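Below you'll find the structure, written out as structure tokens, and then a few comments.
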Amino acid sequence: MAELRHHRLTRDTAEVAGPDAAAYLQGQLSQDVAGLGVGESAWAWLLAPQGKVDALVRVARTGADAFVLDTDPGWGEAVVQRLTRFKLRTRADITAGRLDVLAVRGEGA
């Protein structure tokens, strides 16, 4: 029987909230953000305008007009800067943060 392991991790985050948050992220991420229900999450690529990958994030819908993108430590500020750079005339606020999570791995996790 495999051993169940757990680790505490800190993730960098970018919180995106506002009336245009879903539409904005729909055009910035590889994932179908509009199809996520509140409480659902999915892995996505944050893409440059040329289609180049800027970062791997997990996007979670936390409200009708609110999302949290979490990424590996050290990448959060770059994600916030990248999202802010292309946020012209978009009614959404983008803020950096941190998230403490518990990763559970192993058989039966």
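Tabulated results
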quantity: Alpha-carbon gyration tensor eigenvalues x 5, square-rooted, for the chain, Å; calculated: 26, 15, 13
quantity: Gain in span if fully extended, Ala103 to His6, counting 0.36 nm per residue against the direct Cα distance; calculated: 34.4 nm
quantity: Carbon + sulfur, % of accessible area of the chain - ligands and nucleic acids excluded, 1.4 Å; calculated: 51 percent
quantity: Gln81-Trp45 pseudo-label distance in nm [points 7 Å out on the Cα-to-Cβ vector]; calculated: 2.2 nm
quantity: Translational diffusion coefficient (Stokes-Einstein; Kirkwood radius from C-alpha pairs) of the stretch 1-49 at 25 °C, 0.890 mPa s, in µm²/s; calculated: 183 µm²/s
quantity: Surface per residue (accessible, 1.4 Å probe) for the chain, Å²; calculated: 61 Å²
quantity: Loop-exposed trypsin sites (Lys or Arg not before Pro) per DSSP, neighbour cap 10 Cβ within 10 angstrom, longest uninterrupted part of the chain; calculated: 1-51
quantity: Size of charge dipole - the chain - debye, nearest 20, with Cβ of Lys, Arg +1 and Asp, Glu -1, no other charges; calculated: 240 debye
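The values are calculated or read from the model by the stated rules, or taken from the named source; none is laboratory data. Remember, it's a predicted structure, so these values are computed and weren't measured experimentally. Cβ: placed from backbone, ideal geometry, glycine included. Neighbour counts: every protein chain shown. Accessible surface areas use protein heavy atoms only, side chains included; no ligands, DNA or RNA. Shrake-Rupley method; radii C 1.70, N 1.55, O 1.52, S 1.80 Å.
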